[in-house]
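**Student:** This is the structure I want to talk about, given as structure tokens.
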Amino acid sequence: MNYAQLVIAIQDYTENSFSYSTDPTPINTFIKQAEQRIYNTVQFPSIRKNVTGVTTASNKYLSCPGDFLAVYSIAVDTADGQEFLLNKDVNFIRQAYPKATDTATPKYYALFGPTTTSGASPVVTNELSFILGPTPDAAYDVELHYYYYPESIVTASTTWLGDNFDSVLLYGSLVEAYTYMKGEADIMGFYNTKYQEALALAKRLGDGMERSDAYRSGQARIAPLPQNNGVR
């Protein structure tokens with residue numbers, strides 16, 4: 001289902017054009033809100049990307065990408081190969097490595113908070129940063145896998161979610177649209193039930209089948225459905 005098809009479906013199901021021809025904002029808002037709910041509920045591989053960067057010697061901070069939401073993994077390249085860092089709280093790293101001069105190959109990371117610009121009058125930015133422990137003793141290549149919001153179907157026209165799981169996108173958008181309409185409780189309940197059913201199937205795919213053989217046990221995952229082998 002592409003964007004144009006989704007818009008028509010929303011209008012047909014709700015029997016409301018929402019004045020789309022003159023102002024597409026309401027329908028676009030329904031769709032974006034639905035996408036946000038879905039992407040924060042199901043960890044599809046399509047909402048992950050990776051980037052590479054370089055640490056700075058004697059600098060314990062590392063900036064996050066502009067579209068960063070959450071960490072999937074961080075690894076540094078060492079002489080012995082790639083080493084994945086362990087997630088800790090900021091206070092753990094502060095306590096374990098209290099001095100900036102405690103330098104070595106980083107082993108831990110924590111999400112520190114917003115970055116600030118350098119200069120006489122530093123300005124807090126919208127970007128986040130990591131704190132590493134211990135402080136890097138050299139420039140290390142870093143590979144960051146992280147979660148982000150993919151481009152909305154509103155602007156991209158076609159997306160992985162629309163192509164592969166349009167039911168959850170449609171019913172999620174209908175829930176948002178009917179909430180906007182202040183519709184009848186029974187119909188609202190019906191749309192929400194259909195959304196929850198579609199969301200359960202999406203979670204079975206994203207948090208179940210797509211990672212049933214994943215090595216990292218820290219990933220969110222659901223148990224596969226039981227197999228009936230004829231035993232009663």
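**Student:** Any idea of T56's accessible area? Nearest 10 Å², probe 1.4 Å.
**Tutor:** Taking all protein chains as shown, T56 has close to 80 Å².
**Student:** To continue, here is another question. Quick one: accessible surface of R204, probe radius 1.4 Å, all protein chains present, in square angstrom to the nearest 10.
**Tutor:** Result for R204: roughly 90 Å² accessible.
**Student:** Now, a different point. Which of the peptides 181-189, 7-15 is most tightly packed, and how do the rest follow, going by the mean number of other Cβ atoms within 10 Å of each residue?
**Tutor:** For the peptides 181-189, 7-15, the packing ranking is 7-15, 181-189.
**Student:** Pop out the carbon and sulfur fraction of the accessible area of segment 143-191 as a percent, whole number, probe 1.4 Å.
**Tutor:** 54 percent
**Student:** Using a 1.4 angstrom probe on the protein heavy atoms only, could you order K99, K203 from most to least accessible area?
**Tutor:** If we order K99, K203 from most to least accessible, we get K99, K203.
**Student:** If you don't mind, there's one more thing I want to ask. Strictly over 25 Å apart at the Cα level, which of K32/K88; K182/K203; K32/K182; K49/K194 would you flag in this model?
**Tutor:** Flagged as over cut-off: K32/K88; K182/K203; K49/K194.
**Student:** If amide H atoms are built 1.01 Å from N in the plane of the peptide, which residues on other chains or at least 5 residues away come under 5 Å of the amide H of L85?
**Tutor:** Here the answer is I74, A75, V76, since their amide H atoms fall under 5 Å of that of L85.
**Student:** Quick one: Debye curve from the C-alpha atoms of segment 1-143, no solvent, what's log10 I(q)/I(0) at q = 0.10 Å⁻¹?
**Tutor:** Once normalised to I(0) and log-transformed, intensities are -0.53.
**Student:** May I pose another question? What aspartates and glutamates sit close enough to K60 to cross-link, taking a C-alpha to C-alpha distance under 13 Å and skipping anything fewer than 8 places away on the same chain?
**Tutor:** D102, D137
**Student:** Would you give the gap between the C-alpha center of segment 76-110 and the C-alpha center of segment 157-172, rounded to a whole Å?
**Tutor:** Segment 76-110 and segment 157-172 have Cα centres separated by 40 Å.
**Student:** Also, I was wondering about something else. Starting from 0.36 nm per residue, how many nanometres of slack lie between A156 and E83 once their C-alpha separation is accounted for?
**Tutor:** Once the chain is fully extended between A156 and E83, it gains 22.7 nm.
The values are calculated or read from the model by the stated rules, or taken from the named source; none is laboratory data. Note that the structure is a prediction, hence the values are computed from the model and not measured. Cβ atoms come from the backbone with ideal geometry, glycine included; neighbour counts cover every protein chain shown. We work out accessible area using only protein heavy atoms, side chains counted, and drop any ligands, DNA or RNA first. Shrake-Rupley method; radii C 1.70, N 1.55, O 1.52, S 1.80 Å.
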